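Please read the structure below before turning to the comments.
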Amino acid sequence: MTVFGKKLSAAITALILTATSFWSFAGAGVSADEIPDDPNDGIVTASELKTDLLNEEHPDCPSISAASYVLYDANSGAILLGKDYDVQKEPASMTKVMTVLLALERLELTDIVTISHDMAEAMDNITKDYVKLGLQEGEEISVKDLVYASVLKSANDASLALGMFMGGTEADFCQMMNAKASEIGCTNTHFSSAFGLSTPDNVTTPYDMALILNEAVTKTNYSEISKTLNYTINATNKYSSERDITNGNRFVSTTEFNYEYYIGGKTGFTNTAGHTLCAAAKKNNRTLVGCVFNATDANVRYSDLIKLFEYGYSTFTTVEITENEFMPLIDEATMQIKDLLSDTNLYLSNQRLVLNNYITTTSTRAQLGSTNRIDLSQAMIDTSKEQQTLEIPLCKVYSDKTYLIGTLVIEIEKKAGVVEVNPEKKTNLTSVRSLLVTFAVLSGLILLLVIVLLIFRARIIKRRRDEVTKRANML
């Protein structure tokens, strides 16, 4: 092959490669520049955030004696540690957290409850070895007194009085309890007692109990009540002397188990439920909730929870997610979309950001830092639709894990007054113009190739003629 032929071949190859590259771009999804080539091995989706940390190895995890337990991060909703956390068990007197929660939501502390005949009769049926305040038929007592007696003394008749005062009957009140449990996200809870009677159908789980306690300490003044050491019930129309109550919770009443970050909880015990305990702690504006069921003894349940809290605060970090950190990425993404829509009959009519407020990960992972990512690769626009919505994922990327932490919602509408004739089928974010340009480029390349070949042929013919003429002259 001549030097000219070699140069021609190289030029044609380069042109074909250029055309191929252009075609690949035209047919691919448009993505933000910030998207890395390697998006990690997998993305932790929003539904997986709750239990993702349970799938990781934590070799220094504390040994917990309880048959089942959970450590729950109230800020992010993540379960940090757990064993049989979704298995139903009897909560015993932890049931009273729900009763008091409803009382604090629905009643005024100054309301007066008169112990009716039905209440007194139901109280007589409470097993003798269950703790009671000693309420009598016709006694008039405040909601505040009944609440403090329920939480501090774990008085079963006080909780029953509150329940029947709100529901009319204990059974009707239990329907209110179950409705509230469902409202706050409990899926494995069924209450059949207002105070925690030992029965197979009064059940919950460590996880559900954590949700109930968190609701109480964050939405009411349950925390203030449960941290009170002593409380006095004044004399009533049926009880001539004061009744002094001391908090039976050892987080409050002892120095051995005093925990500086404790913000509220409730103990429980029956022969079938064993020793139970739920507690919440708050440190650096981060709330953790722990629950243990069927601990080996009354003291161990406190040390179990303290170990869980200490491990939770030292091993895991809860990261706040803000809109501002994603705004540069969002601005660029919307600019790209608007630019691509500029040659269509569509426009970006609205956008909104849906973000998780917090995510929880290991402290070690968080210390290595993270980057934010917005992924346009799966965004598809249908030019034939009057209205459509794109949901674009927002991610926080660590060295070994990527969390899906929100969505950029883009709403696209057809411009007013535009009548589309012969609408195009679904495309991705590249416009129809890109396809036309691609076709034009390929046609131009083919034409150029033909011209080059004709020039090359003409030169060969001319060279042959010159050679013939030269030989003729020599003769």
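Of the listed requirements (1) in contact with a Phe, Trp or Tyr (Cβ under 6 Å, 6 or more places away or on another chain); (2) in a helix (DSSP H, G or I), Ala194 misses just one: (2). Considering only the range 331-358, state which residues are out of contact with any Phe, Trp or Tyr (no Cβ under 7 Å at 6 or more places or on another chain) and buried (at least 18 other Cβ atoms within 10 Å of the Cβ). Within the range 331-358, Ala333, Ile337, Leu340, Thr344, Leu346, Asn356, Tyr358 qualify.
Conditions tested, residue by residue: (1) in contact with a Lys or Arg (Cβ under 7 Å, 6 or more places away or on another chain); (2) loosely packed, with under 13 Cβ neighbours inside 10 Å.
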{"site": "Thr236", "(1), (2)": "no, no"}
{"site": "Asn247", "(1), (2)": "no, no"}
{"site": "Gly264", "(1), (2)": "yes, no"}
{"site": "Ala280", "(1), (2)": "no, no"}
{"site": "Asn285", "(1), (2)": "no, yes"}
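So, Met94, is that one in contact (Cβ under 8 Å) with a residue 40 or more places away in the chain and under 30 Å from the mean Cα position of the chain (by Cα) or not? Against the criterion (in contact (Cβ under 8 Å) with a residue 40 or more places away in the chain and under 30 Å from the mean Cα position of the chain (by Cα)), Met94 qualifies. Of the strands (runs of 3 or more DSSP E) entirely within the range 221-277, those holding at least 3 residues that are in the same structural domain as Asn156 (by TED's automatic domain parsing) and closer than 27 Å to Thr287 by Cβ occupy 262-270.
Within the range 285-301, does at least one residue satisfy the condition of being part of a helix (DSSP H, G or I), in the same structural domain as Gln136 (by TED's automatic domain parsing) and among the hydrophobic types (A, V, I, L, M, F, W, C)?
Scanning the range 285-301, I find at least one residue that is part of a helix (DSSP H, G or I), in the same structural domain as Gln136 (by TED's automatic domain parsing) and among the hydrophobic types (A, V, I, L, M, F, W, C), so the answer is yes.
Does the range 317-332 contain at least one residue that is touching a helix residue (DSSP H, G or I) at 6+ places or on another chain (Cβ under 7 Å) and in contact (Cβ under 8 Å) with a residue 12 or more places away in the chain? The answer is yes; a qualifying residue exists. Inside the range 385-410, residues that are more than 19 Å from Thr364 (Cα to Cα), touching a helix residue (DSSP H, G or I) at 6+ places or on another chain (Cβ under 9 Å) and not polar (S, T, N, Q) make up a count of 8.
Entry remark, the range 134-155: residues being free of Cβ contacts under 8 Å to residues at least 60 places away in the same chain and over 18 Å from Lys238 (Cα atoms) number 1 in total.
Taking the range 67-135 and the strands (runs of 3 or more DSSP E) fully enclosed by it, the elements with 1 or more residues that are farther than 30 Å from Tyr403 by Cα are at 112-114.
Quick check, is Ile64 of a type in the set (A, V, I, L, M, F, W, C), surrounded by fewer than 21 Cβ atoms within 10 Å (Cβ to Cβ), in contact (Cβ under 8 Å) with a residue 40 or more places away in the chain and assigned to a loop (DSSP other than H, G, I, E, B)? Against the criterion (of a type in the set (A, V, I, L, M, F, W, C), surrounded by fewer than 21 Cβ atoms within 10 Å (Cβ to Cβ), in contact (Cβ under 8 Å) with a residue 40 or more places away in the chain and assigned to a loop (DSSP other than H, G, I, E, B)), Ile64 does not qualify.
Out of Gly185, Gly168, Gly196, I need the residue that is in contact (Cβ under 8 Å) with a residue 60 or more places away in the chain and of a type in the set (Gly, Ala, Ser). Which one? So the residue among Gly185, Gly168, Gly196 that is in contact (Cβ under 8 Å) with a residue 60 or more places away in the chain and of a type in the set (Gly, Ala, Ser) is Gly196.
One residue stands out in the range 106-141 among those that are under 38 Å from the mean Cα position of the chain (by Cα) and within 20 Å of Ala171 (Cβ to Cβ): the one that is surrounded by the most Cβ atoms within 10 Å (Cβ to Cβ), namely Leu107.
The values are calculated or read from the model by the stated rules, or taken from the named source; none is laboratory data. Computed from a predicted structure; not experimentally measured. Ideal geometry is used to build each Cβ from the backbone, glycine not excepted, and the neighbour counts take in all protein chains shown.
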